[in-house]
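Here is the structure we will look at, set down as structure tokens.
The values are calculated or read from the model by the stated rules, or taken from the named source; none is laboratory data. Only a predicted model underlies this, so the values are computations on that prediction, with no experimental measurement involved. Note that each Cβ is placed from the backbone with ideal geometry, even for glycine, and that neighbours are counted across all protein chains shown.
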Ligand code: AMP
Ligand code: GLY
């Protein structure tokens, strides 16, 4: 019998998961809660919020879902996996205890310390005056992080001591991140090349995915504020087997062992955000110097969008192997291609932005060879007035009968492409981007350039 899948989430990451799962000959029906207009092409959107665990359980029971796949961190941090398992429902993702690796930076840092996992030097504080004293001793640059989940906004890279003090006041006194900031992690500023590792895990063993790279700053040349991630490439053309083995042995393996020792084995996807510190020539040799910036307990977005374009193995087979504890028997195969994802953002993101602007050109873009466009913050605009300048007057819904597509979030679309090399993938994606339009559309023009530069510097091996 073909399987019924329930996906939880509404971003372009979940759109990519639905796209890939829809290609499985073993998948019969995909539901997605709540999904978006892009996911509606491969699945049935549900009017259930991603964090409404009771409603999700009720739906999974009533509709006999064979597997639930959790995209974002919030439901994981709330314990969706524990709640589903308690009802005897199959679900892909880590338990609440294991998800602490992302939901509590203090937990993650202590785990790393205990298990000798390389990371930035740090201290944790819940007392404001002590935190101030510590930054005065350490000086700048220094990094201040709210310990809890803060929608990717809880990290401040402080170039000066004044900035550091301001960040501490904002988190600990003014409580701009609510309770997430009552405890802070203050850590050493790491300089280098940031990249993403991902590993499928079944609680006992793990399988590494190729490395990928996100681009977090809003402007070209890594300028401006941090975002949730607005452009990825996969695989990285400059990585060596040695570097992959190093990350696997020195970071992923001991992290999973450490969680197991706490009686919280990790199932699902572990995504360590990494910094390769040191010079590019060191990177090419692939020895030493890779440190963990943070752990995530789910697929990166938009890393997932690039990964799904090059994954050859049936995704359902992998997810089931994670849940059943049979990952050691799986061989995960990848197309010998490069992929990239360019996120098209609303003007103003990651700060304030307007919604409700009409989007055109997606169909034309998708007619291009090797191009797939995933939706993130889109919606159908219904009932007149369809759109108003500034967007606030338009009624935005998920109603598929209202056919005018509009912007409805900060990250609007993920334009992906594949190619035989990274450059051709990027060229295709940027050509597709040129066909898409909405008012104020912003994207980075330099996705992948740092990696291409590294690849082309003398003596590079990959
Ligand atoms: P996080 O939420 O911990 O991933 O941090 C968000 C972003 O801040 C990371 O992707 C990095 O670009 C940057 N960042 C975090 N910690 C550090 C650090 N210790 N040194 C330099 N950059 C950092
Ligand atoms: N790629 C950034 C994130 O998923 O957090």
- Query: Is there a residue being within 13 Å of ligand 1 (Cβ to nearest atom) and either within 22 Å of the chain's Cα centre (by Cα) or under 30 Å from residue 126 (Cβ atoms) (or both) anywhere in the range 233-251?
  - Reply: no
- Item | Qualifying residues in the range 128-155 (those that are assigned to a loop (DSSP other than H, G, I, E, B) and over 27 Å from residue 73 (Cα atoms)) - the one nearest to ligand 1 (Cβ to nearest atom) | 141
- Message: With the requirement that a residue be crowded, with 17+ Cβ neighbours inside 10 Å and more than 16 Å from ligand 2 (Cβ to nearest atom), what does the range 152-163 give you?
- Response: 156, 158, 163
- Message: Tell me the residue from 57, 101, 30 that is touching a helix residue (DSSP H, G or I) at 6+ places or on another chain (Cβ under 7 Å), free of Cβ contacts under 8 Å to residues at least 40 places away in the same chain and either within 22 Å of residue 154 (Cα to Cα) or not in a helix (DSSP H, G or I) (or both), please.
- Response: 30
- Task: Taking residue 420 as the residue in question, decide whether it is surrounded by fewer than 17 Cβ atoms within 10 Å (Cβ to Cβ), modelled with pLDDT of 95 or more and out of contact with any helix residue (DSSP H, G or I) (no Cβ under 7 Å at 6 or more places or on another chain).
- Result: yes
- What is the residue count in the range 193-230 for residues that are closer than 17 Å to residue 292 by Cα and away from ligand 2 (no atom under 16 Å from the Cβ)? 1
- Quick one: what pairs do we get from the range 210-222, first residue within 30 Å of residue 332 (Cβ to Cβ) and free of Cβ contacts under 8 Å to residues at least 40 places away in the same chain, second away from ligand 1 (no atom under 13 Å from the Cβ) and not in a loop (DSSP other than H, G, I, E, B), C-beta under 8 Å, 6+ apart or different chains? 211/234; 211/243; 211/244; 211/247
- Query: Can you pull out the residues in the range 238-261 that are surrounded by fewer than 19 Cβ atoms within 10 Å (Cβ to Cβ) and touching a helix residue (DSSP H, G or I) at 6+ places or on another chain (Cβ under 8 Å)?
  - Reply: 240, 242
- With (1) modelled with pLDDT of 95 or more; (2) more than 14 Å from ligand 2 (Cβ to nearest atom); (3) at positive phi as the list, and residue 258 as the residue in question, which single condition is left unmet? (3)
- Do you know which residues across the range 156-192 are on the phi < 0 side of the Ramachandran plot, in contact with a helix residue (DSSP H, G or I) (Cβ under 9 Å, 6 or more places away or on another chain) and within 11 Å of ligand 1 (Cβ to nearest atom)? 156, 157, 158, 185, 186, 187, 188
- Message: Going residue by residue through the range 144-151, is there one that turns out to be away from ligand 2 (no atom under 16 Å from the Cβ) and surrounded by fewer than 23 Cβ atoms within 10 Å (Cβ to Cβ)?
- Response: no
- Give just the number: which of (1) surrounded by fewer than 21 Cβ atoms within 10 Å (Cβ to Cβ); (2) at pLDDT 95 or above; (3) under 30 Å from residue 245 (Cα atoms) does residue 201 not satisfy? (1)
- Task: Answer yes or no: is there a residue in the range 116-123 that is surrounded by fewer than 17 Cβ atoms within 10 Å (Cβ to Cβ), in a strand (DSSP E or B) and either within 16 Å of ligand 2 (Cβ to nearest atom) or in contact (Cβ under 8 Å) with a residue 24 or more places away in the chain (or both).
- Result: yes
- When the range 271-305 is checked residue by residue, the ones that are more than 16 Å from ligand 2 (Cβ to nearest atom), assigned to a loop (DSSP other than H, G, I, E, B) and either modelled with pLDDT of 70 or more or surrounded by 19 or more Cβ atoms within 10 Å (Cβ to Cβ) (or both) are 278, 286, 289
